[in-house]
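Only one structure is covered here, and it is reproduced in the block below.
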Amino acid sequence: MSYNHQEIEKKWQNRWETSSVFHAQESTDKPKFYCLIEFPYPSGAGLHIGHPRSYTALDVLSRKRRHQGYNVLYPIGWDAFGLPTENYAIKTGRKPQDITRENTDTFRRQLKSLGLSFDWSREVNTTDPAYYKWTQWMFLEFFKAGLAYKTKMAINWCTSCKIGLANEEVVNGVCERCGGRIEKRDKEQWMIAITKYAERLLQDLDTVDYLEKIKVQQRHWIGKSEGAEIDFLLDGKQESLKVFTTRPDTIFGVTYMVVAPEHPLVEKLITDSQRCVVERYIHETAQKTEIERGKQEKEKTGVFTGSYAINPANGEKIPVWIADYVLMGYGTGAVMAVPQHDDRDRAFAVQYGLPILDRPLISFDEVLERTKGKKTVAYKLRDWVFSRQRYWGEPIPLVHCEICSPQTGGWVSVPENQLPVVLPDVEKYEPTDTGESPLATIDEWINTICPECGGPAKRETDTMPNWAGSSWYFLRYIDPHNNETFASVEKLKHWMPVDLYNGGMEHTTLHLLYSRFWNKFLFDQGHVPVSEPYARRHSHGLVLAADGTKMSKSKGNVVNPDEIVREYGADSLRMYILFMGPFEEPVPWSLNGLIGVRRFLDKVMKYVSVWNQAQAQDLGKVIEPHLKKISDDIESFKFNTAVSAFMRLFNDLNAAMMTHDQLKKCLIVLGPFAPHLANECWEMIGETRLVEEQSWPTFDDSLLVQSCVEMAVQINGKARATITLAPDAHEQTARTTALAQANIQKYLEGKEIVKIVYVPGRILNIVIK
RNA sequence: GGGCGAGUGGCGGAAUGGUAUACGCAGGGGACUUAAAAUCCCCGGGGGGAAACUCCGUGCGGGUUCGACUCCCGCCUCGCCCACCA
């Protein structure tokens, strides 16, 4: 017998919608639980089968918390700015706004069909002007605090997307999104000074409950090194070269120095005789892509500048080289090379025949004294490139005025009462290879008046990266319809921090770090009540195709959730996706596995439909251990074994009828996993109201202990017999029973018992010789 | 090169010091049926044996322990992340 999932799923989804059971409450004495999933990017491809993995898992937990009496906030929204939509708009000649609306409609319909207990009344959309008004407002807070600045810098330019990328968006030397070739380009960019928060982003990891691998990855990304800055006077010149080193104690072994090709002192270092060769090297290096640089990792390149520096520790004269293995963005962009102690320096020294000297080490303090150096720290973290030269993003709310604000380069904030600066309609969205935003072609939008002097001014045409809107969306969920502020202080105090945030590992050094930073900044400005936004962070594994590879359109191995829901039902999909494997591990999709879960759900439906109270017996001893395990497994994210415990429960029943109360308990615990079926069964046994309105069951300890257990008897660690005993049986009883076993006696014949190890309820091991 | 994780039946996986392979899939056998589907019951790591039982077995090699998939040391393979960060 197979139940009609299409009928019952629609029915209960309507009931949930009209009853508002999933709405977070505004005023209540209940403890709060804020449960967050990473809001999706509504792509044209529709929901990916991987999305429900995270959503269903946290749905189970949210539902359990509601049963447990918590006021639960489990919201959903759309991270809808970004390139795929813009590129699709260009290709089809349509407006990104229209495409986004269609895509979010599809995603909303698909998510609702899964029976997820989101509070749909709080839906947010980063592309909604009422939302991005506050993204712009927050940007201005960064600007006013001096943390947003515009600077000319070599950026990563994706030649395919025609867009500047942050370092974080360049993966293996190619564009993270499209795989396109990256080249370096000099461009004026808005930057946000995340590096000012490097130390706190690092330190405060100790105050939050994240999976350890997430902390490790963030620490590594922030990359703190302690060391010293030491000045090396240039021979015959006024200037000195400042280096950063983590090994000041090796300073006697310095045999040469190296500066990055982009170092500001390069021009002064070049001597006439070397000018030709050095300039050619710098030019060649600038042309190199990240990939090309990577390939030459083993083979280092560089040139001698012609200049010398003086080692402040011993007065030795040492040559200064230029090489691209030294990075301008880290430390001071200059190093003292100690081939004896550093592999890279050694490789370079070998390559160019520079001396390698084995000199004694000296203490940190002594070095600082001799060289007048100072202790310092360096971070790998770089400031955040915040400009994008594209259309489909939040306009940066600044105008440029020739007269006003010379201290900020002529940049003036758009006043709060003129926010949001709304994206204007444009004819064409194509990016230009000149690196200007498509907004740059709309004169009537660009030309405006300066809010300070009233004179003519021009709007900034760069837009924000799509990490902007996602850096604070968890705050907007708390008060999504507020027109006065992004969220009221009282509501923020009630809900923050997020109690549990689940998302993909790929966001660890991007979104997760950005949003921690963003929240800390708002905290410092007094706008949010907590310094860390997420009390706990968990992460899920990918759903792979059946062959264990990533699902991709080009390989044609993408599973469509609509089809699964139509054929097998949302409850089957939910339960299978939890059952398929450990939550944190990548797991291949299997239609057969899904069918197995559907059979189980049919079995439950069949059981309930033939269940009758007249034949009921007390099956508490069978049922409760399983329900207890399921309840515990939810807490430890072991959803796969929770589902198998359900299967065992119904196998163990052997079709025996449990009591009405016991059946109710089973259905309440089933609710978070298969909510439609649980409600349908709930109604079939004559219950009114919704399963969602019931309290989570408690478990009777006396029913959790078995009266007797089967125990192995081992001889020298090998199982030779089994005996049945009370779990707390006395050792003497256990020994007597074990020694009476025929197979045990066989082994004991002619042997001496050295000792007997007895672990009640577990094992009895007889050691013989 | 560095960091993190994983390696268990035909397959997804369970067990984190105590009878390895729970649960599910695929497979074999049986019941029901004119038949099939569906459903239900039974079997199910490999070798030997009629059976009782026995030997081998959790990537490889050592070790700790009464007892190791589990802990320790040394390798191999795969996955993910970072990768010239001084």
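The values are calculated or read from the model by the stated rules, or taken from the named source; none is laboratory data. Just so we're clear, the structure is a prediction, and the values are computed from it rather than from any experiment. A quick note on method: Cβ atoms are made from the backbone with ideal geometry, for glycine too, and the neighbour counts reach across all protein chains shown.
Table for the structure above
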item: Members of segment A:574-589 found to be within 14 Å of RNA strand B (Cβ to nearest atom) and assigned to a helix (DSSP H, G or I), listed by number; result: A:Met575, A:Tyr576, A:Ile577, A:Leu578, A:Phe579
item: Sole exception among (1) β-branched (Val, Ile, Thr); (2) closer than 19 Å to A:Arg344 by Cα; (3) touching a residue at least 60 places away in the same chain (Cβ under 8 Å) for A:Thr285, by number; result: (3)
item: Test: A:Ala642 is within 16 Å of RNA strand B (Cβ to nearest atom), modelled with pLDDT of 95 or more and under 37 Å from the mean Cα position of the chain (by Cα); result: yes
item: Any chance A:Lys628 is at pLDDT below 95 and either away from RNA strand B (no atom under 14 Å from the Cβ) or among the charged types (D, E, K, R) (or both); result: no
item: Qualifying positions in segment A:655-666 - in a helix (DSSP H, G or I), crowded, with 16+ Cβ neighbours inside 10 Å and either within 11 Å of RNA strand B (Cβ to nearest atom) or in contact (Cβ under 8 Å) with a residue 40 or more places away in the chain (or both); result: A:Gln662, A:Leu663, A:Lys665, A:Cys666
item: Wholly within segment A:251-321, helices (runs of 4 or more DSSP H) carrying at least 1 residues that are touching a strand residue (DSSP E or B) at 6+ places or on another chain (Cβ under 8 Å), modelled with pLDDT of 90 or more and of a type in the set (A, V, I, L, M); result: A:266-269, A:275-287
item: Selection within segment A:224-241 - under 17 Å from A:Tyr256 (Cα atoms) and touching a Phe, Trp or Tyr at 6+ places or on another chain (Cβ under 7 Å); result: A:Glu229, A:Asp235, A:Ser240, A:Leu241
item: Check on A:Lys95, touching a residue at least 60 places away in the same chain (Cβ under 8 Å) and surrounded by fewer than 21 Cβ atoms within 10 Å (Cβ to Cβ); result: yes
item: In segment A:205-232, residue nearest to the chain's Cα centre (by Cα) [restricted to those that are within 14 Å of RNA strand B (Cβ to nearest atom) and among the hydroxyl-bearing types (Ser, Thr, Tyr)]; result: A:Tyr210
item: Any hit, segment A:52-68, residues being in contact with a strand residue (DSSP E or B) (Cβ under 8 Å, 6 or more places away or on another chain), in a loop (DSSP other than H, G, I, E, B) and surrounded by 23 or more Cβ atoms within 10 Å (Cβ to Cβ); result: no
item: Residues of segment A:436-468 classified as of a type outside the set (A, V, I, L, M, F, W, C), over 24 Å from A:Tyr514 (Cβ atoms) and outside any helix (DSSP H, G or I), total; result: 10
item: Scope segment A:1-37; condition assigned to a loop (DSSP other than H, G, I, E, B) and away from RNA strand B (no atom under 16 Å from the Cβ); matching residues; result: A:Ser20, A:Val21, A:Phe22, A:His23, A:Ala24, A:Gln25, A:Glu26, A:Ser27, A:Thr28, A:Asp29, A:Lys30, A:Pro31
item: Residue match in segment A:182-204 (condition: away from RNA strand B (no atom under 16 Å from the Cβ), under 18 Å from the mean Cα position of the chain (by Cα) and over 30 Å from A:Gln6 (Cβ atoms)); result: yes
item: Extreme residue, nearest to RNA strand B (Cβ to nearest atom), among residues of segment A:319-331 that are farther than 12 Å from A:Leu241 by Cα and β-branched (Val, Ile, Thr); result: A:Val326
item: Residue match in segment A:410-424 (condition: surrounded by fewer than 18 Cβ atoms within 10 Å (Cβ to Cβ) and farther than 19 Å from A:Asp128 by Cα); result: yes
item: A:Gly750, sole failed condition from (1) surrounded by 11 or more Cβ atoms within 10 Å (Cβ to Cβ); (2) more than 9 Å from RNA strand B (Cβ to nearest atom); result: (1)
item: Selection within segment A:233-250 - within 13 Å of RNA strand B (Cβ to nearest atom) and either buried (at least 17 other Cβ atoms within 10 Å of the Cβ) or assigned to a strand (DSSP E or B) (or both); result: A:Leu241, A:Lys242, A:Val243, A:Phe244, A:Thr245, A:Pro248, A:Asp249, A:Thr250
item: Close pairs from segment A:514-541: first in contact (Cβ under 8 Å) with a residue 12 or more places away in the chain, partner in a loop (DSSP other than H, G, I, E, B) and of a type in the set (D, E, K, R), Cβ under 7 Å, at least 6 apart; result: A:Arg516/A:Glu532; A:Ala535/A:Asp499; A:Arg536/A:Asp499; A:Ser539/A:Glu584; A:His540/A:Glu584; A:Gly541/A:Glu584; A:Gly541/A:Glu585
item: Top-ranked residue in segment A:708-742 [being exposed (fewer than 15 other Cβ atoms within 10 Å of the Cβ) and in contact (Cβ under 8 Å) with a residue 24 or more places away in the chain; ranked as farthest from RNA strand B (Cβ to nearest atom)]; result: A:Asp728
item: Strands (runs of 3 or more DSSP E) wholly inside segment A:332-435 that include at least 3 residues being away from RNA strand B (no atom under 16 Å from the Cβ) and closer than 30 Å to A:Asn87 by Cα; result: A:398-400
item: Matching residues, segment A:429-480, being under 27 Å from A:Ser160 (Cβ atoms), surrounded by fewer than 18 Cβ atoms within 10 Å (Cβ to Cβ) and acidic (Asp, Glu); result: A:Glu430, A:Asp433, A:Glu436
item: A:Asp633 more than 9 Å from RNA strand B (Cβ to nearest atom) and modelled with pLDDT of 95 or more; result: no
item: Residue that is surrounded by the fewest Cβ atoms within 10 Å (Cβ to Cβ), among those in segment A:645-654 that are closer than 19 Å to A:Ser572 by Cβ and near RNA strand B (Cβ under 7 Å from one of its atoms); result: A:Asn651
item: Qualifying residue in segment A:522-544 (condition: away from RNA strand B (no atom under 16 Å from the Cβ), assigned to a loop (DSSP other than H, G, I, E, B), crowded, with 19+ Cβ neighbours inside 10 Å and of a type in the set (A, V, I, L, M)); result: yes
item: Looking only at segment A:475-518, and only at residues there that are within 24 Å of A:Ser121 (Cβ to Cβ) and polar (S, T, N, Q), the one that is farthest from RNA strand B (Cβ to nearest atom); result: A:Asn483
